[in-house]
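The values are calculated or read from the model by the stated rules, or taken from the named source; none is laboratory data. Worth saying up front: this structure is predicted, and the values here are computed from it rather than measured. Every residue, glycine as well, gets a Cβ built from its backbone with ideal geometry; the counts of neighbours run over all protein chains shown.
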Amino acid sequence: MKLNFPGFRFSSFPDNLKAMGLVFGDIGTSPIYTMAVVFTLLKPDEAHILGVLSLIFWTLIIIVTIGYWWLAMSLSIKGEGGVIVLKELIMQFVKKGRSAGFATFLTYIGISLLFGDGVITPAVSLLSAVEGLPLIPGLQHMSHGTILLITILITVFLFSIQFKGTEKVAKFFGPVMLLWFIALFSSGVVSLAEYPSVLKALSPYYALDFLFNNGLVGYFVLSEVILCATGAEALYADMGHLGANPIRSAWMMVFVALVINYFGQGAYAVQNAAQGSYLFAMVRHQSQILYVPFIILTLMATIIASQAMISAVYSVVYQGITTRIFPLMKIKYTSLHLKSQIYIGAVNFALMICVIFMILLFGTSTNIAAAYGLAVMMTMIISSIFMNWIFAHQKNYLKLAFAAIVFTVELLFLGALMSKIPHGGFWSIVIALVPLSTIIIWIKGNKLAAKTFRALPLDTYITSYEQIYNSGKRLEGTALYFTRDLKSIPPYLVHCTIMTGIIYDNNILISIQRTDEPYSIKVERVEGIAAGLSGVVISAGYMEMLDIPEILKREGITERVIFYGVEELITKNMFLKFYAMLKKLSPNFVQFYKLPYRKIHGVITRNETK
């Protein structure tokens, strides 16, 4: 059998540059802290260094290259990747029931874990970069408090400019990351030239020898080795933005730069004792003149890595809103050209507070990194479960065999990562519980609310509607009414038409349906539901940013008024109280879809329940 990659070809330099800037920031900045954290557990002698280098190399091969670069990226829907896409692919094979419910719940967990990763990544990246400042001549006596203050100021700055969008500066991300990877590669080559024998650690023998000869300590070292692969999921999650080929092409170059740098750090560690980041010590040892520019480059690279994670969280939240697993949130579109460029103020503020909390709680990048990785690995395992499931249904036994190997290796890492829980590893899980709880409350609350605010069957509604319409007491113009579907009429619509007797010459029901595909917009007109009553069904992919007024304009609809429903729930049930609170905190329908305020009318339907 051949390990082929259908349709793969090397991408152009500009496409590779974009991929470096948007995809590889997180995994590309891992060399700053990975080796330093590993050797807080081990004595940096040659045997240990060779073993760790071999583990890092084969982790990048098995988890990143085989797991994501080959297997995951072979699975997509219209070029989109990510855990939601994997779930939708599984739904093509399983019927409704326990299997579908299990896949859906795993997806919710995967989405929630991204938030834990989204908090820790900026904290560890930014703090690790700032910690390199004391190695600059004249700054040797910089206090720990000053380092924390500088990191927090950079964090506040990064989050405070999010509302402006990244379109104008994003074009610099690729060139900056290219310089970063060139710097990693170059410094690694210089160090390897002094001690090339560490290259023998490319053999898996040294990884296995290390694990067998170091017992439980050697196994727990895996919990720090996995830091070299954090950010691997971005290869798959960002596939829809750039396409598979640019990411695959760029990874080949990034992989070489990372491996050479890690082995260069190993060569330096064999010959020199170092405290803190081996990368900073190695570069400073090679050239004090270039060290300051390198620190500036490091800060820029870590900011880009943080930005990529923030944008990923925005994207997932938007998908959650459109698929009705998250409450509505006020969204600002920060680009006239790129629909994916969005800003969600509530999410941005929550992330900033959590990142600052992590920086103050752990104090050093080494401490944060010591707690890092659990959420990342759990996300990887969920993706692996889905991949094994899909390949088994497809009867693609070659890929299934490799996916099973990746899954087994990830389970070994997860076992080692459990040792981090007492040292703060639980924080990423605690953070992930917040969005997971929100998802559960919102979904179950919507189901209970649907039972409380019972919709009226369309045929029953038409009977009363026609009596009022045929009486001739109608207002001029066109009225739009938003409803979940055209088969049932929500309570607010009954109230503002049948109960009040107010009906317009032309009444149109508008239903917005989200499809399982990421990108697609289809508009269907449903005429002749009743005299003066028609419908419009807008079917859109879960990644589509809809401009409702523009869609209606293209359909030739000029409305006089727009009605939408607001449900107000009064209850003593604690679960429903949380749901009602989320309802009140979330913006209304108008704010989310940017409907014209002068024409809009919200109709409140209040219901009391136990």
Contacts under 8 angstrom Cβ, first residue in the stretch 379-406 being in contact (Cβ under 8 Å) with a residue 24 or more places away in the chain, partner in a loop (DSSP other than H, G, I, E, B) and crowded, with 22+ Cβ neighbours inside 10 Å, 6 or more apart
380/232
Can you tell me how many residues within the stretch 496-524 are crowded, with 16+ Cβ neighbours inside 10 Å and of a type in the set (Lys, Arg)?
1
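Only one of 519, 504 is among the aromatic types (Phe, Trp, Tyr), under 25 Å from residue 465 (Cα atoms) and not assigned by TED's automatic domain parsing to the domain that holds residue 88. Can you tell me which?
Sole residue among the options that is among the aromatic types (Phe, Trp, Tyr), under 25 Å from residue 465 (Cα atoms) and not assigned by TED's automatic domain parsing to the domain that holds residue 88: 504.
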Given (1) within 21 Å of residue 322 (Cβ to Cβ); (2) touching a Lys or Arg at 6+ places or on another chain (Cβ under 9 Å); (3) not in a loop (DSSP other than H, G, I, E, B), identify the lone condition not met by residue 509.
(2)
So, residue 120, is that one touching a residue at least 24 places away in the same chain (Cβ under 8 Å), under 17 Å from residue 258 (Cβ atoms) and in the same structural domain as residue 28 (by TED's automatic domain parsing) or not?
no
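Filter the helices (runs of 4 or more DSSP H) completely within the stretch 141-206 down to those with at least 3 residues that are polar (S, T, N, Q).
Result: 144-160, 173-194.
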Of the numbered conditions (1) loosely packed, with under 14 Cβ neighbours inside 10 Å; (2) over 28 Å from residue 571 (Cα atoms), residue 454 satisfies every one except a single condition; which is it?
(2)
Would it be correct to say that residue 570 is of a type outside the set (Gly, Ala, Ser), over 30 Å from residue 448 (Cα atoms) and outside any helix (DSSP H, G or I)?
no
Here is a list: 290, 297, 258, 279. Which entry is within 27 Å of residue 196 (Cβ to Cβ), in a helix (DSSP H, G or I), in contact with a Pro (Cβ under 6 Å, 6 or more places away or on another chain) and of a type in the set (A, V, I, L, M, F, W, C)?
279
Taking the stretch 14-65 and keeping only residues that are in contact with a helix residue (DSSP H, G or I) (Cβ under 9 Å, 6 or more places away or on another chain) and not in a helix (DSSP H, G or I), one is left with 23, 24, 29, 33, 39, 40, 41, 42, 44, 45
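Table: residues versus (1) under 26 Å from residue 314 (Cβ atoms); (2) surrounded by fewer than 23 Cβ atoms within 10 Å (Cβ to Cβ); (3) at pLDDT 90 or above; (4) not acidic (Asp, Glu).
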| site | (1), (2), (3), (4) |
| --- | --- |
| 348 | yes, yes, yes, yes |
| 352 | yes, yes, yes, yes |
| 363 | no, yes, yes, yes |
| 367 | no, yes, no, yes |
| 379 | yes, no, yes, yes |
| 387 | yes, no, yes, yes |
| 397 | no, yes, yes, yes |
| 400 | no, yes, yes, yes |
| 403 | no, no, yes, yes |
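This table checks each residue for (1) assigned to a helix (DSSP H, G or I); (2) modelled with pLDDT under 90; (3) over 29 Å from the mean Cα position of the chain (by Cα); (4) of a type in the set (A, V, I, L, M).
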{"residue": "432", "(1), (2), (3), (4)": "yes, no, no, yes"}
{"residue": "440", "(1), (2), (3), (4)": "yes, no, no, yes"}
{"residue": "451", "(1), (2), (3), (4)": "yes, yes, yes, no"}
{"residue": "466", "(1), (2), (3), (4)": "yes, no, yes, no"}
What number goes with the only condition from (1) touching a Phe, Trp or Tyr at 6+ places or on another chain (Cβ under 8 Å); (2) farther than 30 Å from residue 313 by Cβ that residue 512 does not pass?
(2)
Of the residues in the stretch 109-140, how many are touching a Pro at 6+ places or on another chain (Cβ under 8 Å) and not in a helix (DSSP H, G or I)?
1
Given the residues 579, 593, 564, which is the only one that is of a type in the set (Phe, Trp, Tyr), closer than 26 Å to residue 78 by Cβ and surrounded by 16 or more Cβ atoms within 10 Å (Cβ to Cβ)?
593
Select, from 440, 421, 462, the only residue that is closer than 29 Å to residue 60 by Cα and touching a residue at least 40 places away in the same chain (Cβ under 8 Å).
421
Out of 145, 165, 215, sole residue that is exposed (fewer than 15 other Cβ atoms within 10 Å of the Cβ) and on the phi > 0 side of the Ramachandran plot
215
Inspect all residues belonging to the stretch 219-235 and state whether any of them is closer than 28 Å to residue 12 by Cα, small (Gly, Ala, Ser) and in a helix (DSSP H, G or I).
yes
Criterion first (in the same structural domain as residue 22 (by TED's automatic domain parsing) and either among the small types (Gly, Ala, Ser) or touching a helix residue (DSSP H, G or I) at 6+ places or on another chain (Cβ under 7 Å) (or both)) does residue 334 satisfy it?
yes
For the structure I just gave you, tell me whether residue 45 is of a type in the set (D, E, K, R), modelled with pLDDT of 90 or more, assigned by TED's automatic domain parsing to the domain that holds residue 199 and surrounded by fewer than 24 Cβ atoms within 10 Å (Cβ to Cβ).
yes
